[in-house]
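J.: Please find one structure pasted underneath; my questions will follow.
Computed from the coordinates by the stated procedures, all read-outs in this text should not be read as laboratory data. Just so it is clear, the model here is predicted, and its values are computed rather than measured. Every residue, glycine as well, gets a Cβ built from its backbone with ideal geometry; the counts of neighbours run over all protein chains shown.
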Amino acid sequence: MSEVIFCKTRYQDKGYQSYSDLWRLVELAGYPIIYVDQLDPQSDNTYIVTPLNDEWLQGWQNPKAQIIHWEFEWRTDWRAEVDEPQGVARVWHIDPYMGKQTGFEYVPVGSDDLLNECTHIWPLTRIVDVAIMSYQTPRRQLITQQLEGLGLKVARPVSGEWGTARSTTLLSSACMVHTHQLEAAPGIASLRWAIAAAHRLPMITETVKDRGIFGYSCMVQSDYEYLAAFTAHMLKDRVQLVEYGEALHNLLCVENTFRKVIEAHV
């Protein structure tokens with residue numbers, strides 16, 4: 001009997017946390033997880049593999065299995081210089097615009113209510129204005145400084161803050177603000193959207209090239225130079241922000257859960 005099986009690299013277990021929420025979503029959806037070197041290319045299974053690294057660049061010769069590479073990166077680094085591993089049947093990308101640049105299929109990341117580790121105490125009072133989940137590169141640091149300069153209270157869950165500690169921080173925040181790591185990669189960082197949805201947290205993002213499934217009711221956006229001031233303006237209407245958060249939650253935790261998205265695209 002064929003299965004859908006997710007494959008991670010062994011590097012994932014060496015303290016690399018960027019994909020931790022993905023593997024949690026896979027677990028919550030009930031899919032098996034194996035290492036990429038345990039993949040059986042002669043089975044009739046569907047294997048979904050991520051991220052691309054040197055553990056599987058050589059690929060597989062003439063596999064019977066359907067092997068899907070789900071790309072979560074922007075292809076602006078070394079990955080832009082390499083071909084897809086041999087035997088990969090399909091490549092998905094989490095962002096519609098960045099995926100189009102390389103001809104990949106757009107497959108967004110659904111969410112799950114249980115990414116919120118504090119469902120038993122929701123809702124909390126939104127005493128923090130802004131939650132920022134992203135690593136603070138220079139262009140992100142500038143936005144954070146501008147937000148704080150406007151008198152907004154900003155929460156920055158530190159690397160390694162997961163579980164109830166992170167959920168408590170997010171549930172205490174009025175919105176999440178996302179700034180692109182790279183100006184040249186104006187895409188949707190889908191795992192952050194999934195985290196926000198699980199916590200009913202409205203997303204305010206630097207302008208993206210393509211909204212994909214998110215449309216106009218599930219997030220708001222602003223160009224980089226106005227992002228901090230725009231966020232301060234949006235925070236004046238907390239009722240409207242709550243509506244955006246509820247819409248995002250409904251989109252990713254009800255209509256397009258992680259499992260529903262996978263089943264629809266496999």
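J.: If you take every residue apart from Ala29 with its C-beta less than 14 Å away from the C-beta of Ala29, what net charge results, scoring Lys and Arg +1 and Asp and Glu -1? Don't skip to the end; give the middle numbers.
T.: Working: positive: Arg24, Arg259, Lys260; negative: Glu3, Asp21, Glu27, Asp112, Asp113, Glu263.
Cβ neighbours under 14 Å give a net charge of -3.
J.: Okay, next question. Just need the relative contact order of the range 113-255 here, percent rounded to a whole number, with Cα pairs under 8 Å and 6+ apart.
T.: Contact order relative to length: 27 percent.
J.: For the pair Val239 and Glu81, how long in nm is the line joining their label points, each one 7 Å along Cα→Cβ?
T.: 5.6
J.: OK, next. What is the distance in Å between the Cα centroid of the range 206-266 and that of the range 25-64?
T.: The distance from the Cα centre of the range 206-266 to that of the range 25-64 comes to 31 Å.
J.: What is the order of Val242, Val107, fewest Cβ neighbours within 10 Å to most?
T.: On the way: Val242 17, Val107 25.
Ordered from fewest to most neighbouring Cβ atoms within 10 Å, Val242, Val107 come out as Val242, Val107.
J.: Let me have the relative contact order for the chain, percent, based on Cα pairs under 8 Å that are six or more residues apart.
T.: 17
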